[in-house]
Amino acid sequence: MSPFSVTTAEALSVSENTSSTNYTYEQDPVPKVIKKMSPSVVGIIGKTPGGNTQSGEDRYNLTHGTGVIFKSDGWIITNAHVVDGYTGITVVTADNKTYKAKKVFSDTISDIALVKINAKSLTPAKFAKSSRSAQVGEKVIAIGTPVYFTLRNSATVGVVSGLDRSVDSSYRLIQTDTAINPGNSGGPLVNLKGEVIGINSMKFSGLEVENMGFSIPTETVQYVTSHLLKYGEVKRAGLGLALEESWSAIVGLPSDDPLTVTKVLSAQAKKAGIKEDDVLYSINGKRVYSVVDINEMLKDFMPEAKVNVLMQSDGDIVNRTLTLSSENKTDAIAAIAATGEEQ
């Protein structure tokens, strides 16, 4: 008899033993989450700048992205680079209804924008209160409009690859290996609770790069959208300083090195006695090592607020009270590097 043969009696014995065991089939939650989230995801399409309006070919001069329904009365969250400079912006909902954009508020520094359409009773997405509950390795879903506008509400699945990434952005990002393709910009990154933990923004691409996408965390989304709805812009507070990070911080090595003042930009900073070549250690008692650290901290402040800065000046450690400025606010913001590709 073959060592792999099973007699009828043995088969019956196995059957009797297994019949008394209760097996529970755990259904994959992903389809349920996608079904729940899809009504809150929209496609966004518009004409690219510089089209020839005298030519019939202009109708093909289009670009598209994705958006997430933020409020039931027609407010849509997307990326700034999805809508900036484009005309004839149209939103298509999951039930194939089309709406022209009536208002667009955009913040290029965070890459977040709000689009208003004349619609009622839309299904808003559920946003996580904080992305900090996310864990590396946690399964997530991206929903969007990749490559072609006819592929609206496509879903891809992956995991959270990293948190608090300060890569090619003014603020910290969520890294994911979920497939994010051109057109996915502005779409949601969703956890298995059906909550949006981030807005997909960009990825790294190259011959030796695979599955490196980045999403804007809900904390930044909430900060920016609250300002856009209230003021029509982000009233961003700044130190009024141009700052140079240490070499270690720039290349990503662990570092306790402070930042160096390369230029004093605001009248408030000059009044506080801050000079070029002064060294910045902390703000309100919290150490800062990079421009991203500062940007994240200053989300909690408005222009004209006062903060305490610990600095070294002429060899002495000094505490200074600095009034935050709204002038030159982008000079302390890290620019998106050419290695990052918006999607």
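Under 5 Å between amide H atoms, partner at least 5 residues away or on a different chain: which partners does Leu265 have, H built in plane at 1.01 Å?
So Leu265 has HN proximity to Leu241, Ala242.
Determine the share of region 41-188's accessible area contributed by carbon and sulfur atoms, expressed in whole percent, with a 1.4 angstrom probe.
48
Which whole-Hz ³J(HN,Hα) couplings does region 100-109 yield from phi under the Karplus relation 6.51 cos²θ - 1.76 cosθ + 1.60, θ = phi - 60°, glycine and proline marked x?
Each residue of region 100-109 in turn: 7, 5, 9, 9, 9, 10, 9, 10, 5, 5 Hz.
Listed here are the pairs Lys47/Lys97; Lys103/Lys235; Lys47/Lys103; Lys97/Lys193; Lys36/Lys193; which of them are more than 21 Å apart at the Cα? Let's see the in-between values first.
Values: Lys47/Lys97 19 Å; Lys103/Lys235 19 Å; Lys47/Lys103 16 Å; Lys97/Lys193 27 Å; Lys36/Lys193 10 Å.
Over 21 Å Cα-Cα: Lys97/Lys193.
Once the piece of chain linking Arg287 and Glu244 is laid out straight, how much longer is it, given 0.36 nm per residue of separation minus the C-alpha distance between them?
Separation in residues times 0.36 nm, less the Cα-Cα distance, equals 13.9 nm.
Per residue, how many Å² of accessible area does region 61-165 show with a 1.4 Å probe?
47
What ³J(HN,Hα) values, in whole Hz, does the Karplus curve 6.51 cos²θ - 1.76 cosθ + 1.60 give for region 69-81 when θ = phi - 60°, with x put for Gly and Pro?
Listing the rounded values in order: 5, 9, 9, 5, 8, x, 8, 10, 9, 8, 8, 4, 6 Hz.
Quick one: Karplus J couplings for region 154-160, per residue in order, coefficients 6.51, -1.76, 1.60, θ = phi - 60°, nearest Hz, x for Gly and Pro?
Per-residue couplings from phi come out as 7, 10, 10, 10, x, 10, 6 Hz.
Of Trp247, Trp75, which has the most accessible area with a 1.4 Å probe, and how do the rest follow in descending order?
Trp247, Trp75
Starting from the Cα gyration tensor of region 106-257, take the square roots of the eigenvalues, sort them a ≥ b ≥ c, and report rounded, prolate or oblate (rounded when a/c is under 1.5, otherwise prolate if a/b is larger than b/c, else oblate).
Since a/c reaches 1.5 but b/c is at least a/b, the shape of region 106-257 is classed as oblate.
The values are calculated or read from the model by the stated rules, or taken from the named source; none is laboratory data. Source: prediction; values computed, not measured. When the accessible area is computed, the model is the full protein with side chains, heavy atoms only, and any ligands, DNA or RNA have been set aside. Shrake-Rupley method; radii C 1.70, N 1.55, O 1.52, S 1.80 Å.
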